[in-house]
Amino acid sequence: MVLKVTDVVYREPVPETYGNIYFVVRDDGVIVIDTGIPGKEGVILDDVRSLGFSPSQVKAIILTHYHMDHSGSAEALRSATGAKIYVHRDDTPYLQGLVKPEFPKEAPREAVEAYRWFRPLRPDVTLSDGDEVLGLKVIHAPGHTPGSIALYDRRHLFAGDNLNLREGRVQGPPPQFTTDMGRARESVRRLLSLDFDVLLPGHGEPVVGGASARARQDLKGFL
């Protein structure tokens, strides 16, 4: 069941991964940010209808990075809605299957093996730092993956896996799934230089109210 976060943002929790699918409501349609693991397209379509829109009113499918727990239902959702898939250009080769997924040695074996279910897909639009998609500014935040992004509209920060809420605290990307922790820390510093009231993390509950101040406090040790 889709959950209201603010007056224009809703989320569908993905219990299998403690992840999130987000919906940004506009007057004439809805933006979907991340699509969860494979098989979630039916849930997403039900959510879109519950928000008062038809599948054809999905205006964009934006992926914060290529990992399968965020991109897994993108192709099926595109087929059902006709919406375009957006992803950063540096993650495009991974999404297309031209480059194998990268994981640190510490990555859980079962997570890596799950990629046998990965189905390559071709995005419609490749993004760069500073682009804007329907009022959301693209912030390139490499480290977790080469093309990880966040999306920002001055009030909301959709952080992807660059920021997560675990154990009651805002944390950075999980090291066991992050290809370059040095770059990831630089990206987190950049995100924390922004002011935002609402944090929409890739995994865990959103932080509503004073989110940037809380994130800076929680991440002092990480930086």
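Looking only at the chain, where both bridge partners belong to it, what percent of the DSSP beta bridges are antiparallel (to the nearest 5)? Percent antiparallel among DSSP bridges in the chain is about 70. The residues Arg169, Arg154, Arg49, Arg26, sorted by heavy-atom accessible surface at 1.4 Å with ligands and nucleic acids left out, run Arg154, Arg49, Arg169, Arg26 from largest to smallest. With 23 Å as the limit on Cα-Cα distance, the pairs of Lys105/Lys220; Lys40/Lys84; Lys84/Lys137; Lys100/Lys137 that go past it are Lys105/Lys220; Lys100/Lys137. Going by the alpha-carbon gyration tensor, a ≥ b ≥ c the square roots of its eigenvalues, is region 170-209 rounded (a/c under 1.5) or, if a/c is not under 1.5, prolate (a/b greater than b/c) versus oblate? In terms of gyration-tensor shape, oblate.
Could you work out the local net charge near Arg190, counting Lys and Arg as +1, Asp and Glu as -1, over the other residues with Cβ closer than 11 Å to its Cβ? All intermediate terms of the calculation are to be shown ahead of the outcome.
Numbers: positive: Arg183, Arg185, Arg189; negative: Asp129, Glu186.
Here the count lands on +1.
Here the extension length gained between Gln57 and Arg154 equals 32.5 nm, from 0.36 nm per residue of separation less the Cα-Cα distance.
Taking Cβ atoms as reference points and 14 Å as the exclusive limit, the residues near Tyr86 contribute a net charge of -2, counting Lys and Arg as +1 and Asp and Glu as -1. Between Trp117 and Arg214, the contour length at 0.36 nm per residue exceeds the alpha carbon distance by 31.2 nm.
Straight-line reach from Lys4: taking Cα to Cα under 17 Å and skipping same-chain neighbours fewer than 8 places apart, the aspartates and glutamates in range are Glu12, Asp27, Asp34, Asp46, Asp47, Asp197, Glu205. Computed with a 1.4 Å probe over protein heavy atoms only, the accessible surface of the chain comes to 44 Å² per residue.
Between Arg26 and Arg109, take the C-beta separation as r, use R0 = 30 Å, and let me know the FRET efficiency to the nearest 0.05.
The formula returns an efficiency of 0.10 here.
In this structure, the amide hydrogen of Thr64, modeled 1.01 Å from its nitrogen in the peptide plane, lies closer than 5 angstrom to those of Asp34, counting only residues at least 5 positions away or on a different chain. Taking the accessible area of the chain, probe 1.4 Å, and keeping the other protein chains in place, the carbon and sulfur fraction comes to 49%.
Per the helix-only calculation at 222 nm, which mean residue ellipticity applies to the chain, given -39500 (n - 2.57) for every DSSP H run of n ≥ 4 and division by its residues, nearest 500 deg cm²/dmol? Can you show the working numbers first?
Values: 7 runs with 51 residues, N = 223.
That comes out to -6000 deg cm²/dmol.
Positive-end ranking of Gly182, Pro206, Phe158 along the dipole of region 134-223, with charges on Cβ about the Cα centre, is headed by Gly182. If only the Cβ of Lys and Arg carry +1 and only the Cβ of Asp and Glu carry -1, the dipole of region 74-189 around its Cα centre is close to 100 debye.
When both bridge partners sit in region 1-61, DSSP labels roughly 80% of those beta bridges antiparallel.
A simple count of charges around Glu75, restricted to other residues whose Cβ falls under 14 Å of its Cβ and scoring Lys, Arg +1 and Asp, Glu -1, yields +2.
Normalised by the empirical 2.2 N^0.38 Å for globular proteins, what value does the Cα Rg of the chain take?
The reported ratio for this selection is 0.93.
The values are calculated or read from the model by the stated rules, or taken from the named source; none is laboratory data. Note that the structure is predicted; figures quoted are calculated from it, not measured. Note that each Cβ is placed from the backbone with ideal geometry, even for glycine, and that neighbours are counted across all protein chains shown. Accessible surface areas use protein heavy atoms only, side chains included; no ligands, DNA or RNA. Shrake-Rupley method; radii C 1.70, N 1.55, O 1.52, S 1.80 Å.
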